[in-house]
Amino acid sequence: MTPDLMEAGARALAEHERKAPSVIAGAEPYFGQGVALYVDGITVSFDGFKALNDLHLTINVGELRCIIGPNGAGKTTMMDCITGKTRPDAGKVFFGSNIDLLRLKEPEIAQIGVGRKFQKPTVYEQLSVFENLELALKADRRARATLFSRLSGQQADRIAEVLLLIHLKDEAQRTAGLLSHGQKQWLEIGMLLMQDPKLLLLDEPVAGMTDEETERTAELFLSLEGQHSLVVVEHDMKFVDQLTEGRKTVTVLHEGSVLAEGLLSEVQANEKVVEVYLGR
């Protein structure tokens with residue numbers, strides 16, 4: 001990494017830390033009841049339009065849950081509420097059984113282990129794949145620490161592990177801006193994994209990918225299942241089928257509420273789901 005880019009990155013990180021309050025020391029989500037995320041009665045209105053309408057959702061620890069539904073169903077607004085970007089008019093959102101996410105700000109929610117990936121990949125395109133993962137390490141991000149720290153053996157091993165996991169081991173020294181769209185998606189997922197999130201929110205992660213990249217992404221997510229809780233919002237039904245393997249719960253949102261929930265085969269046979277989303 002060149003000194004000027006490192007210094008610029010360090011300044012940006014230092015400014016982010018200056019503005020972002022820290023989570024209360026010792027605050028850790030408790031998963032003893034087996035629930036990673038609990039959304040209870042969330043309602044959000046924008047100029048009289050209810051983007052979410054008494055939404056209820058429970059995600060278990062280690063679960064991979066696919067959420068589908070037509071555009072405007074409330075999927076993005078739901079993620080915004082979970083990550084602190086949008087404050088609901090009513091309802092509760094708990095991480096584990098003890099962390100009230102509605103009392104925290106966006107940086108605090110990220111700090112306690114909620115990671116979010118948007119549809120469009122966001123990576124440092126001028127830096128190498130390795131340097132992107134290095135910057136994302138869950139470590140002391142103050143300017144001085146970032147400028148003068150060296151990777152420990154454990155940190156280097158973790159980067160190597162993630163590179164292998166996201167299928168970018170052979171691209172480690174390649175400039176991120178030269179990667180394909182799908183590879184950039186994998187890199188951003190890898191950057192999230194470097195933060196060791198307990199819950200991953202993934203918004204249309206295979207949009208724009210080739211069939212081969214989509215298949216590899218499914219393999220990646222399935223390998224993360226159990227180690228992390230994953231919520232995948234997606235329109236690609238073939239991809240959803242690959243992830244659910246015919247045995248996992250799929251949630252269908254419509255007009256801000258849960259329209260149906262069950263196995264993919266069950267929701268695909270649901271007449272209301274066919275009418276408003278899947279078509280005949």
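Below is a table of values for the structure above.
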item: Reachable lysines, given that their alpha-carbon falls under 19 Å from the alpha-carbon of Lys50 and they are not under 8 places away in the same chain; result: Lys75, Lys85, Lys92
item: Residue with peak Gaussian network fluctuation, the chain [Cα springs, cutoff 10 Å], from Lys117, Lys238, Lys184; result: Lys238
item: Gained length - His235 relative to Ala172, 0.36 nm times residue gap less alpha-carbon distance; result: 19.6 nm
item: Hz values of 3J(HN,Hα) by residue in segment 229-242 - Karplus curve (6.51, -1.76, 1.60), Gly and Pro given as x; result: 8, 10, 10, 10, 8, 8, 9, 6, 5, 5, 5, 4, 5, 5
item: The chain: angle of helix 153-165 to the longest principal axis, Cα-based, in degrees nearest 10; result: 40
item: Full-extension gain in nm, Glu219 to Gln126, via 0.36 nm per residue minus C-alpha separation; result: 30.7 nm
item: Diffusion constant of the chain at 20 °C, which comes from Stokes-Einstein with the Kirkwood Cα-pair radius and 1.002 mPa s, µm²/s; result: 108
item: Lysine pairs within segment 139-280, Cα separation less than 25 Å, 8 or more sequence positions apart or different chains; result: 8
item: Contour excess over end-to-end distance, with Cα ends at His56 and Ser265 and 0.36 nm allotted per residue; result: 73.1 nm
item: Within segment 83-119, backbone nitrogen closer than 12 Å to the virtual label 7 Å beyond the Cα of Ser45 toward Cβ; result: 89-90
item: Percentage relative contact order, segment 3-278, counting C-alpha pairs under 8 Å, at least six apart; result: 26
item: DSSP beta bridges in the chain [antiparallel fraction, %, rounded to 5]; result: 55
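None of the figures in this text is laboratory data; all of them are computed from the coordinates on show. Fair warning: this is a prediction, and the values are worked out from it, not measured in the lab. Cβ: placed from backbone, ideal geometry, glycine included. Neighbour counts: every protein chain shown.
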